[in-house]
Amino acid sequence: MNKGELIDAVSKMTQHPKTQTEEMFNAFMAVIQNSLTSGNSVQMIGFGTFAVEERAARIGRNPATGKELKIPAKRVVKFKVGSKMKDAVAGVTKKK
């Protein structure tokens with residue numbers, strides 16, 4: 001599912017216009033990006049958690065030539081899936 005298909009599906013489910021749904025989706029993504037850029041994590045109970053981690057510099061290898069190269073340190077976004085989402089995808093139903 002791409003962004004357009006996601007917006008169409010949410011628009012149908014909520015019965016809101018696609019333009020309004022797209023504005024909300026873009027705002028949602030901007031808030032997540034701003035939070036991660038600031039170094040904060042975004043936790044959505046039942047769905048998952050977005051967090052920023054530091055990846056250390058390391059030595060890599062060019063697979064075509066075998067030559068070593070330096071890979072610089074950088075910040076990366078990690079996503080850890082929530083238990084409810086994990087169970088839903090796996091088809092697991094929990095009894096209460």
Angle, helix 18-37 long axis vs. longest principal axis of the chain, Cα atoms, 0 to 90°, nearest 10?
40
At R0 = 35 Å, FRET efficiency that the Cβ-Cβ distance of R58 and S83 yields, to 0.05
0.65
Measure off 7 Å from each Cα along the Cα-to-Cβ vector at M24 and I71, then give the distance between these two points in nanometres to one decimal.
4.0
How much mean residue ellipticity at 222 nm does the chain get from its helices, if each DSSP H run of length 4 or more adds -39500 (n - 2.57) and you divide by all residues, to the nearest 500 deg cm²/dmol?
-13500 deg cm²/dmol
With the crude spin-label approximation of a point 7 Å out along Cα→Cβ, what separation in nm comes out for L6 versus Q43?
2.2
Cα axis of helix 3-14 to longest principal axis of the chain: angle in degrees, 0 to 90, nearest 10?
30
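In terms of the ratio Rg/(2.2 N^0.38 Å) built on C-alpha atoms, what value belongs to region 33-72? Don't skip to the end; give the middle numbers.
Details: Rg = 16.3 Å, N = 40, 2.2 N^0.38 = 8.9 Å.
Relative to the rule-of-thumb radius for its length, region 33-72 sits at 1.83.
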Largest-first principal axis extents, alpha carbons of the chain, Å
55, 39, 30
Pick out, from L36, P17, A73, the residue whose Cα sits farthest towards the positive end of the charge dipole of the chain, with +1 on the Cβ of Lys and Arg and -1 on the Cβ of Asp and Glu.
A73
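Here, each number is a calculation from the coordinates, and none is a lab measurement. Note that the structure is predicted; figures quoted are calculated from it, not measured. Note that we place each Cβ from the backbone using ideal geometry, even for glycine, and neighbour counts take in every protein chain shown.
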